[in-house]
There are 2 protein chains.
Amino acid sequence: MIRHPAFACEPWSLRLTGLDVDVLAQSESLFALSNGHIGWRGNLDEGEPHGLPGSYLSGVYELRPLPYPEGGYGYPESGQTVINVTNGKLIRLLVNDEPFDIRYGQLRSHELSLDFRDGVLRRTAEWESPDGYAVRVSSVRLVSLVQRAVAAIWYEVEPLDEPLRVVVQSELVANEQLPSVAGDPRATAVLEAPLLACEDDARDVRARLVHLTRESGLCLAASMDHVVDGPPGTGVVAESSPDLGRVTVTASISPGHPLRLVKFVSYGWSGSRSRPAVRDQADAALAAARQTGWDGLLAEQRGYLDDFWARADVQVDGDAEIQQAVRFGLFHMLQATARGEGRGIPAKGLTGSGYEGHCFWDSEAFVMPVLTYLLPEAVAHALSWRQSTLPMALDRARQLGLRGAAFPWRTIHGEECSGYWPAGTAAFHVNAAIADAVTRYFDITQDEAFEKTVGLELLVQTARLWRSLGHHDTEGAFRIAGVTGPDEYSAVADNNVYTNLMAQRNLRAAADAAKRHPAEARRLDVDEEEMAGWRDAAQAMYVPYDPVLGVHPQSDNFTNHQVWDFAATKPDQYPLMLYFPYFDLYRKQVVKQADLVLALHRRGDAFTPEQKARDFAYYERITVRDSSLSACTQSVIAAEVGHMDLAYDYLAEAALMDLEDVEHNTRDGLHIAALVGSWIALVEGLAGMRHHGDLLCFAPRLPSALTRLSFTVSLLGRRLRVTVDRETATYTLLAGEPIKIVHCGRPDTVAMGAPVSRPIPPISPGEPPTQPPGRRPAPRQSMLDTGIRRPAAT
Amino acid sequence: MIRHPAFACEPWSLRLTGLDVDVLAQSESLFALSNGHIGWRGNLDEGEPHGLPGSYLSGVYELRPLPYPEGGYGYPESGQTVINVTNGKLIRLLVNDEPFDIRYGQLRSHELSLDFRDGVLRRTAEWESPDGYAVRVSSVRLVSLVQRAVAAIWYEVEPLDEPLRVVVQSELVANEQLPSVAGDPRATAVLEAPLLACEDDARDVRARLVHLTRESGLCLAASMDHVVDGPPGTGVVAESSPDLGRVTVTASISPGHPLRLVKFVSYGWSGSRSRPAVRDQADAALAAARQTGWDGLLAEQRGYLDDFWARADVQVDGDAEIQQAVRFGLFHMLQATARGEGRGIPAKGLTGSGYEGHCFWDSEAFVMPVLTYLLPEAVAHALSWRQSTLPMALDRARQLGLRGAAFPWRTIHGEECSGYWPAGTAAFHVNAAIADAVTRYFDITQDEAFEKTVGLELLVQTARLWRSLGHHDTEGAFRIAGVTGPDEYSAVADNNVYTNLMAQRNLRAAADAAKRHPAEARRLDVDEEEMAGWRDAAQAMYVPYDPVLGVHPQSDNFTNHQVWDFAATKPDQYPLMLYFPYFDLYRKQVVKQADLVLALHRRGDAFTPEQKARDFAYYERITVRDSSLSACTQSVIAAEVGHMDLAYDYLAEAALMDLEDVEHNTRDGLHIAALVGSWIALVEGLAGMRHHGDLLCFAPRLPSALTRLSFTVSLLGRRLRVTVDRETATYTLLAGEPIKIVHCGRPDTVAMGAPVSRPIPPISPGEPPTQPPGRRPAPRQSMLDTGIRRPAAT
């Protein structure tokens, strides 16, 4: 766990002072820059030391065979893995005779700072070479949110004591050597040298490399250009070889007369266009970047972010770490989605190669519920990507003997890449999450054009899946047998409550949308009979209930299973899946991540308040949170049933997931869904926001440590600010027509210029529920009280 | 399917006239010779053409990595595969300038005949070379049932028309080139060149090869010696190289003056003894064989088999094919088990590399229930092998978080080799089958020494497994969740009826045996508390029942699942597992092989006759028999509930499984368990024999086609012959003290010299049950009526 005193706690940035090689890989993830199209890990300019070098392009992957000891019908035989593309961030430095490498000589000071408003990564290092020559190296790095194919680096080196000869090598490097990874099955399979060189070129201060991926046959080009600002006599040479483009700058510099250069980098790739087209695309982007210039790129970036924060900022008073963390999370959410046009949202964004760069249900089930209120155009893009993969999803359903679309559990390009079907293909709930994201997007934006061209088709094809996946039993109930719900410590069970309820919403949404757009529905061969079949199935959806215990079993029979022997489980045996066989986890009452509790959140309309309280208490006792996709949901329901301090504890866990490396795998990339979980826990948890259909409800209440929470949501052409303090909630309409809201069960209307303040009624939730031994979230209040905190801003 | 008119229907042999290359691989399995230690497929003497060359030694395997696309805790990472060892059966022939190869020139006649009483494979071929020279080649091959390490071949070549020069090369060949196999996941992974040469030697008419397996580190030696009988001038040369031992005989022969040779082959192998020790062991066995001589080996073989058939023969009047098939099956059962001392019984015996040569539950659940009555010493050996693997089974249980022993689903050496745990490790019922085999062996033999030294420990460690695998629920019922029963079209379900009832018997048997042997039990740390725990669990064992349908669900919830859409399933989509995903098979009502119906058989004491009739009818409608381990069980229960003609149809399917290649994979080896299924269907089916504890019951009844059934069982020091005709059953005690039997519910006592004849009461079972479309077994009676039969003996 990074409990690193050097991570300063600042409201608008993440700053690391000093450099600990042990946390290098984690910090590379935390300081990654991305625009959703290009991803650059926070590797040091000079490339080494590193945890994991990483440059990614959304959608660029290589194929690898999926081997099985015992094969079976329908097992995917080819997997997709994100690859480390041409590294354009490398700037090596030679100080007199010594390469600048912080492992040697003496590092006098080092600071990395990620600025959430400027959208840049700043670095300053003062270093004394083994020979005793001291320099200050400064750099500012950005991946442009405005110019999608462009990244840039401002770089400066200055002697601290005496004149020096320096050589700066600004490079493009393909097929970088990567550290080998083994052990943890969650870690990615690293592919060695995936790029075949096609073309390399260098002239003036420019260089370009064009490569093809070996198996997937994608073409990618990387180009760089420079502005060099050095003392008289500064020399520049450009050269290239198949895997290396290099611009070498030599200069004799003295204190007060640094060498500066700006490096512009552009990428282009395609699976269909010609190699010259891809090359020209990269060169064109580079020309635009150079034309904009460094200051122009900086200004554009700030402008983009000013607009984003005006829509998205969340203010938290009383816990500076949470304040920082929620902005950190929203910044990385933005980076993962802003310019991912036509591609999915990988679980790790473009911050690392974890989960092989795959997109999972995370994007629709966790990221989009936040993104829709803050950056709805990114949701439309990501759902359009899902639609673009429909031919593969229809094929997959057909292969599985089902109708409609079976979207993959994990993929980059669209084909199923899950090599273990009980926790992959069988997790059909991903399809309901996609439909839910479509429904929410439409509810919030009323984007008719999207619904007609994208949304309806996704709803129809997923509804068809559910209709064929379930069946009416002899009593008429609609059952969905043998599927896997969100909880990965259960699999292939009957009538998973979450799945059935989400399928129910999916079926209804499809029927409703088809009714709204009859012409488009007919083009998809939907007729009245089919719509009636969806409504029937939804109406008759079976939801198991255990009347003896008075709770909902997660799936049929779940509450008859033996409860996991938590007392005999040692603290170092978590996550359980690394120390116990799936066979045993599956047949016991132990929950990896919110499943029934996620149903209480997403389908809260299907439960009474009393059921929610009992169910939550029951599942708290057996939920171990071995997944990053749990704490935020537990926070939401803890808040709903009134356990505000517990909600706060879960909020903190979600918010600090990567900043404190809770899951010990931040090195492989950030948990984008967990990061947005801090927004979910604050807005849907503490503020109790629920949005079913056209009803926007709030039930705000703060935990004892917090004094104020304020956030903004945009919907239906309005922008609404909600501010909650200990006694009162205030609703302020910043833009748009008056809007109806419900505050703690009471309807209200908020209009521009007429904020509404309402008192927060008290709540008596009774005893807080218990968690498995050792699995209680860290009690945030007592951590604050005892002062285990990172230093405040300086 | 082999519906080959050339397979003559003879009571005591299997004869193939002519040679069809298309059925070569199947015939190599059918004509395989083995003694349970050495296995030689029925490859042609000259080696080619072949379907699959195969020489096997029980327990000789190579390791191979088991790769997973997504690994997990407790997944076996190393698999074991039977390898093709040094081929000692090769005898090549050159006729003048032409190699004897039936694909070239003209094959005037060809006959292979496997003699069940002599225990030899005879061959005669008359062949004319492309140059027009005609020879008769005759050979007789045996793998000695008496001399475990020895096989031998009598070989003769004679010109038919004119004098000829012939060269005979008798060889030992290591690392034979094998055909590559792909597609069907049931087919074995073929390992190329698994043997490392250590030593080769040749002198006089002898040669020897010694090899090591690369990864598993086993040492194996093969030696050969010859007696050559040729005309004056016959020359002999012996030579060797690392992978080849060769004795070359050259002779000029004329009609009436053939060249004859006898080839003696011996094998030795060990995983622990030194290379010289293994070499000397093979040479010693060879010396003994040569000393015995060809005629001596033949006479020993006949003597061994005369004794076996006196104990084991079954006579069936009215269906010559079934008569042949049951003897064929018993002969191969004997070959698979007779001399397998200290090793398991592979699913395919030593007749092919199918299922990678692994032992499964088949051996305890199907082979031993027959073997115990006919060859009990082989059962003791095979169970002692299980005991020898206990350290690995105890480790496996520990790894899985269980107590006692978890025996592997598939293995050669003892470690789990199943790479798909839902249909492997989770099939814990293999442990109950082992315990059941122990219990049956003791019930039938009263072998106290075995029980004390072998049986008790197996019972105790398997009982411990069940006790830790299940749990008492809040009502006190003992439940076993998340395991896989026999039916491989369901997996990881709760309270599989078969598993729970077999576990119940296992728990009780362990408690009873521990009580009988308190001192031995104490040495295994069994105390009164533990025994009481076993009895409690057995007493409280939960058995699900569906009161609405009035049937037992195979597992919890099974009868709530959708019934498989049989109407939409095409005839060429069987076996379903090759055309549909497991996910869909698992969640529907479709049964690959008897599961609940196997419970009706093995735990018939736990069901009323009415339940049996209803359950059988219910499961008949959804059972597709995509496994060879089903027809015999369905036959038994069909007979018990009175559907004699259906029982007869299933009997025929089991009996003809390999002779007619019902499963299309006889090429990979015979289905030993299905072969013994013909005995099960005749004795436990038609004759209704049941043996619970010390009560031996019969309920005999013949289908309309059969006129008489007679068989012998040995138990408790007695030998009892049972003869059934259409009206009467006659019980004749051939040896031993008087014995109590129950005939159709009525007790009787049978003494030596006092046969008991009893009438067979009529039965009115009502309408026969129906099967899924196209999955009804072939109606045997109408096949007999329409004369689709193989030719009778000539």
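Observations, loosely collected:
- Cβ-vector label at 7 Å, B:Tyr104, separations to other copies in nm: 7.0
- For the range A:260-357, average projected area of the Cα convex hull in nm²: 9.4 nm²
- The alpha carbon centroids of the range B:185-247 and the range A:668-731 are separated by 79 Å.
- A simple spin-label model places pseudo-atoms 7 Å from Cα toward Cβ; at A:Val21 and B:Asp307 they are separated by 7.4 nm.
- When the range A:357-410 is described by a simple charge dipole with +1 on each Lys and Arg Cβ and -1 on each Asp and Glu Cβ, the residue from A:Phe407, A:His381, A:Leu371 located farthest towards its positive end is A:Phe407.
- Applying D = kT/(6 pi eta Rh) to chain A, where Rh is the Kirkwood radius over alpha-carbon pairs, T corresponds to 4 °C and eta to 1.567 mPa s, the Stokes-Einstein value obtained is 47 µm²/s.
- When the other protein chains are added to the chain by itself, burial of at least 30 square angstrom of heavy-atom accessible area (probe 1.4 Å, ligands and nucleic acids ignored) affects these residues of the range A:553-580: A:Asn557, A:Asn560, A:His561, A:Gln562.
- Electrostatic dipole magnitude of the range B:1-108 [Cβ: Lys, Arg +1; Asp, Glu -1; Cα centre; debye, to 20]: 280 debye
- Portion, in percent, of the accessible area of the range A:415-531 that falls on carbon or sulfur, probe 1.4 Å: 46 percent
- Signed unit charges on C-beta, dipole axis of chain B, positive-most listed residue B:Val168, B:Ala491, B:Gly533: B:Gly533
- The range B:271-377, accessible surface, carbon-and-sulfur percent (1.4 angstrom probe): 48 percent
- Across all Cα pairs in the protein assembly as shown, the calculated P(r) in 20 Å bins from zero up to the longest distance comes to 9, 30, 30, 21, 9, 1, 0 percent per bin.
- Relative to the Cα centre, the charge distribution of the range B:627-755, modelled as +1 at Lys and Arg Cβ and -1 at Asp and Glu Cβ, gives a dipole magnitude of about 660 debye.
- For A:Lys740, no lysines have a Cα falling under 25 Å of its own Cα, not counting residues fewer than eight places away in the same chain.
- Between the range A:268-301 and the range A:419-477, the Cα center-to-center distance that results, in Å: 37 Å
- Rounded D (µm²/s) - the range A:334-386, Kirkwood Rh over Cα pairs, Stokes-Einstein at 10 °C, 1.306 mPa s: 147 µm²/s
- Solvent-accessible surface of the range B:21-140, averaged per residue with a 1.4 angstrom probe and all protein chains in place: 28 square angstrom.
- With Cα atoms, 0 to 90° folded angle of helix A:320-337 axis to chain A main axis: 80 degrees
- With its label point defined 7 Å out from Cα along the Cα-to-Cβ axis, B:Asp306 lies at 11.0 nm from the matching points of the other copies, in increasing order.
- Euclidean distance between Cα centres, the range B:580-656 to the range B:81-123, Å: 41 Å
- Here the Karplus relation 6.51 cos²θ - 1.76 cosθ + 1.60, evaluated at θ = phi - 60°, turns the backbone of the range B:752-757 into coupling constants of 4, x, 10, x, 10, 10 Hz, with x for every Gly and Pro.
- List of the range A:585-617 residues, accessible area with partners at least 20 Å² below that of the chain alone (1.4 Å probe): A:Tyr586, A:Arg587
- Surface analysis of the range A:617-776 yields an accessible area of 33 Å² per residue, using protein heavy atoms and a 1.4 Å probe.
- With its label point put 7 Å out from Cα toward Cβ, B:Thr453 sits 8.3 nm from the same residue's point in the other copies, in order from shortest.
- For the rotation that carries chain B onto chain A, the axis lies closest to a Cβ at B:Pro67, 2, where the number is the distance in whole Å.
- Distance-filtered residues of the range B:589-607 - backbone nitrogen under 19 Å, label point 7 angstrom along B:Val742 Cα→Cβ: B:599-607
- Total accessible area lost when A and B pair, probe 1.4 Å, Å² to nearest 100: 3800 Å²
- Accessible surface of the range A:578-706, 1.4 Å probe, proportion on carbon and sulfur as whole %: 51 percent
- Rounded to the nearest 20 debye, dipole of chain B from Cβ charges on Lys, Arg, Asp, Glu: 1300 debye
- Positive-end residue of A:Leu305, A:Gly455, A:Ser678, charge dipole of chain A with Cβ unit charges: A:Gly455
- Sparse-neighbourhood loop sites, GluC sites (Glu not before Pro) in the range A:468-577 - DSSP loop, at most 11 other Cβ within 10 angstrom: A:Glu475
- Residue pairs, from the table B:Lys570/B:Lys592; B:Lys452/B:Lys515; A:Lys452/A:Lys515; A:Lys348/A:Lys588, whose Cα atoms sit over 20 Å apart: A:Lys348/A:Lys588
- From phi via Karplus (6.51, -1.76, 1.60), per-residue ³J(HN,Hα) for the range B:733-741 in Hz, x at Gly/Pro: 8, 8, 7, x, 5, x, 10, 8, 10
- Comparing the full protein assembly with the isolated chain (1.4 Å probe, heavy atoms, ligands and nucleic acids excluded), the residues of the range B:478-503 losing at least 10 square angstrom of accessible area are B:Arg479, B:Ala481, B:Gly482, B:Val492, B:Asp494.
- Amide H contacts under 5 Å for A:Ser78: A:Leu66, restricted to partners 5 or more places along the chain or on a different chain, H placed in the peptide plane at 1.01 Å from N.
- Expected 222 nm ellipticity per residue - DSSP helices of 4 or more, -39500 (n - 2.57), all of chain A, to 500: -8500 deg cm²/dmol
The values are calculated or read from the model by the stated rules, or taken from the named source; none is laboratory data. Quick caveat: nothing in here was measured; it's all calculated off a predicted structure. Glycine gets a Cβ as well: all are built from the backbone with ideal geometry, and neighbour counts include every protein chain shown. What goes into the accessible areas is simple: the full protein's heavy atoms, side chains included, and nothing from ligands, DNA or RNA. Shrake-Rupley method; radii C 1.70, N 1.55, O 1.52, S 1.80 Å.
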